[in-house]
Amino acid sequence: MPGPDGSMRAIGKRSISFGLVSVPVKIYTATEDHDIALHQVHDKDGGRIHYERRCDVCGKVIPFEHIDRAYDSGDRTVLLDEDDLESLPEASRDDVEVVEFVPSDQLDPITFERSYYLEPEKGGVKAYVLLRRTLERTDRTAIVRFALRNKTHLGALRVHEDGVMVLQSLLWGDEVRDADFSVLAKPPRVTPKEQELADSLVKSLESDFRPADYKDEYQEELQKLIDAKLKKGDDIDTAATFGEEPEEDEGEGAEVVDLMEALRRSVDKKRSSRSGGRVAAKRRIETPPSSGNSRRTAN
């Protein structure tokens, strides 16, 4: 969360504890949402739509300071206020307890939730650096328990770029669903040629991942649309604004190209691009005429 001057602002302080070593740190949110905020409005007059926190019993709109939590057990409901929640020992702990050190490749990315940067406080820099170097030298990740925002978390403590340690909250084991798809029980046979073409395609696309190379095109185009509306007025043509050509209709009976042909075309396209040849931005698979009607209709 950025501060008034645009710099990051700590959301809390904790102490990393492993063995008898304690490392005081500040916690910062490592990511931010860049989506353009859109409000819901009435289509007739543009008036803002608001959601009211209205009580079913008295019918009044209730402010946040008078809202508690409740658990519905079926025929009975248990009410929980802030004091109840803060009294839970795990939710109020102020340490990041290292439980174990595991090989880094054993962590499945599907379990990752939020990420937080950890900055050492004065007096804890040496212990911070020692823990960081130990994780790097052993290629291990620390599995930790910690509390944040009145909730207990399982976490992974690892080294990020520039020597900064990152704390990532993890899903608990029972929060990840099992993937059991019957269609994969008897996979189709893959021929050696198909595998060779697939390997070749991967090789032609090999590169180092650089996140800065990728842009959120949807948000950029949304911003262009908003800017155009501000300049020209509310009623404009989207295609005219972005200079897009209307897409051609695809036939419902479009020919299904087999896997080997799709792989071969992908490899050929990449090779042509690398050799300096000009490749069409969109290559379409033409649908053969059916029953004398050559017109294609949209899917």
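This table checks each residue for (1) out of contact with any Ser or Thr (no Cβ under 8 Å at 6 or more places or on another chain); (2) among the hydrophobic types (A, V, I, L, M, F, W, C); (3) closer than 16 Å to L154 by Cα; (4) open to solvent by 100 Å² or more (accessible area, probe 1.4 Å).
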residue: H42; (1), (2), (3), (4): yes, no, no, no
residue: G46; (1), (2), (3), (4): yes, no, no, no
residue: D83; (1), (2), (3), (4): yes, no, no, yes
residue: D108; (1), (2), (3), (4): yes, no, yes, no
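Across segment 110-124, what is the total count of residues that are open to solvent by 70 Å² or more (accessible area, probe 1.4 Å) and of a type outside the set (D, E, K, R)?
Qualifying residue count for the region: 2.
Return yes or no: is S204 open to solvent by less than 70 Å² (accessible area, probe 1.4 Å), over 30 Å from D33 (Cα atoms) and modelled with pLDDT of 85 or more?
So S204 fits the description; yes.
Given H39, H50, which one is within 27 Å of the chain's Cα centre (by Cα) and part of a loop (DSSP other than H, G, I, E, B)?
When all the criteria are applied, what remains is H39.
Which of the residues that make up segment 146-182 are of a type in the set (G, A, S) and either open to solvent by 40 Å² or more (accessible area, probe 1.4 Å) or in contact with a Ser or Thr (Cβ under 7 Å, 6 or more places away or on another chain) (or both)?
Residues of segment 146-182 that are of a type in the set (G, A, S), as a first pass: 147, 155-156, 163, 169, 173, 179, 182.
Of everything in segment 146-182, those that are of a type in the set (G, A, S) and either open to solvent by 40 Å² or more (accessible area, probe 1.4 Å) or in contact with a Ser or Thr (Cβ under 7 Å, 6 or more places away or on another chain) (or both) turn out to be A147, G155, A156, G173, A179, S182.
Report yes if some residue within segment 244-259 is open to solvent by less than 90 Å² (accessible area, probe 1.4 Å), at pLDDT 55 or above and assigned to a helix (DSSP H, G or I); otherwise report no.
The answer is no; no qualifying residue exists.
For A127, state whether it is surrounded by 15 or more Cβ atoms within 10 Å (Cβ to Cβ), of a type outside the set (S, T, N, Q) and more than 17 Å from G12 (Cβ to Cβ).
Details: surrounded by 15 or more Cβ atoms within 10 Å (Cβ to Cβ): yes; of a type outside the set (S, T, N, Q): yes; more than 17 Å from G12 (Cβ to Cβ): yes.
Against the criterion (surrounded by 15 or more Cβ atoms within 10 Å (Cβ to Cβ), of a type outside the set (S, T, N, Q) and more than 17 Å from G12 (Cβ to Cβ)), A127 qualifies.
Please state which of the following conditions A70 fails to meet, knowing it meets all the rest: (1) open to solvent by 90 Å² or more (accessible area, probe 1.4 Å); (2) in contact with a Ser or Thr (Cβ under 7 Å, 6 or more places away or on another chain); (3) not basic (K, R).
The failed condition is (1).
The values are calculated or read from the model by the stated rules, or taken from the named source; none is laboratory data. These figures come from a predicted structure and were not determined experimentally. Counting neighbours? That spans all protein chains shown, and the Cβs are built from the backbone with ideal geometry, glycine included. Ligands, DNA and RNA are stripped out before the accessible areas are found, and what is left, the full protein with its side chains, is counted by its heavy atoms. Shrake-Rupley method; radii C 1.70, N 1.55, O 1.52, S 1.80 Å.
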